[in-house]
Amino acid sequence: MSSSPKVAIVTGAGSGIGKAAALALLAAGYKVVLAGRRMEPLREVQAESAAQANALPVSTDVSDPASVQALFEAAVKAFGRVDVLFNNAGVNAPGIPLEDLTIEQWKNVVDINFNGMFYCIQQAFKVMKAQTPWVDASSTTAAFPPTRRAPTPSPTPPPNTA
């Protein structure tokens, strides 16, 4: 790997776990694109970091594929690459009985938590596949492009030499 600074995108970077992750990455020397719906909290995270020049706040709606594409384009334009995606943006349904949850409220949760995660991963793959090296580590997909798959183990066990 090169010794140049690594670049991370953190979604949901304006508060909670996303904010903590963004600040930790900045403290570790990463250039970090701070993504979130509201620009003011992103600017506050940038101001809180000792590495303000390495943070780029970008207003992003992860439920909108065009907004996610613009996020990745801004990251590449500013820093030249993307090495890490911390896919953290998410919302909860209102704390009401399930039978009172509207379809619109449910669709909002799905659009942000599921579709938004997919849109970000899709853009990350597009950017990262053009770079060398890259790795995708995901608890749910363990996806690697076919040209970079680990070798398939032989179905024949090695001989017993004991």
Does region 99-119 contain any residue that is modelled with pLDDT of 55 or more, surrounded by 13 or more Cβ atoms within 10 Å (Cβ to Cβ), closer than 30 Å to residue 5 by Cβ and touching a strand residue (DSSP E or B) at 6+ places or on another chain (Cβ under 9 Å)?
yes
Out of (1) closer than 20 Å to residue 128 by Cα; (2) part of a helix (DSSP H, G or I), the one residue 8 does not meet is (2)
Filtered residues of region 49-71 (kept if free of Cβ contacts under 8 Å to residues at least 40 places away in the same chain and farther than 28 Å from residue 108 by Cα)
49, 50, 51, 52, 53, 55
Filter region 42-72 down to the residues that are assigned to a helix (DSSP H, G or I), over 15 Å from residue 26 (Cβ atoms) and touching a helix residue (DSSP H, G or I) at 6+ places or on another chain (Cβ under 9 Å) and list them by number.
65, 67, 68, 69, 71, 72
Can you work out which of the residues in region 92-123 that are touching a helix residue (DSSP H, G or I) at 6+ places or on another chain (Cβ under 7 Å) and among the hydrophobic types (A, V, I, L, M, F, W, C) is farthest from residue 67 (Cα to Cα)?
93
Residues of region 12-48 that turn out to be under 23 Å from residue 81 (Cβ atoms), surrounded by fewer than 19 Cβ atoms within 10 Å (Cβ to Cβ) and in contact (Cβ under 8 Å) with a residue 12 or more places away in the chain, as a count:
2
Can you name every residue in region 73-98 that is among the hydrophobic types (A, V, I, L, M, F, W, C), in contact (Cβ under 8 Å) with a residue 12 or more places away in the chain and either part of a helix (DSSP H, G or I) or under 19 Å from residue 7 (Cβ atoms) (or both)?
74, 75, 76, 78, 79, 82, 84, 85, 86, 89
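Can you name every residue in region 111-132 that is more than 9 Å from residue 63 (Cα to Cα) and either over 11 Å from the mean Cα position of the chain (by Cα) or among the aromatic types (Phe, Trp, Tyr) (or both)? Quick ask: steps written out before the conclusion?
Applying the first criterion (more than 9 Å from residue 63 (Cα to Cα)) to region 111-132 yields 118, 120-132.
Of everything in region 111-132, those that are more than 9 Å from residue 63 (Cα to Cα) and either over 11 Å from the mean Cα position of the chain (by Cα) or among the aromatic types (Phe, Trp, Tyr) (or both) turn out to be 118, 125, 126, 127, 128, 129, 130, 131, 132.
Any residue that is on the phi < 0 side of the Ramachandran plot, surrounded by 21 or more Cβ atoms within 10 Å (Cβ to Cβ) and of a type in the set (D, E, K, R) - is there at least one of those in region 68-80? Steps first, answer last, please.
Initial filter on region 68-80 (on the phi < 0 side of the Ramachandran plot): 68-79.
From what's left, surrounded by 21 or more Cβ atoms within 10 Å (Cβ to Cβ): 68, 71-72, 75, 79.
Subset that is of a type in the set (D, E, K, R): none.
Taking every residue of region 68-80 in turn, none turns out to be on the phi < 0 side of the Ramachandran plot, surrounded by 21 or more Cβ atoms within 10 Å (Cβ to Cβ) and of a type in the set (D, E, K, R).
The values are calculated or read from the model by the stated rules, or taken from the named source; none is laboratory data. The structure displayed is predicted, hence computed values, not measured ones. For neighbour counting, all protein chains shown are included, and Cβ atoms are generated from backbone atoms with ideal geometry for every residue, glycine included.
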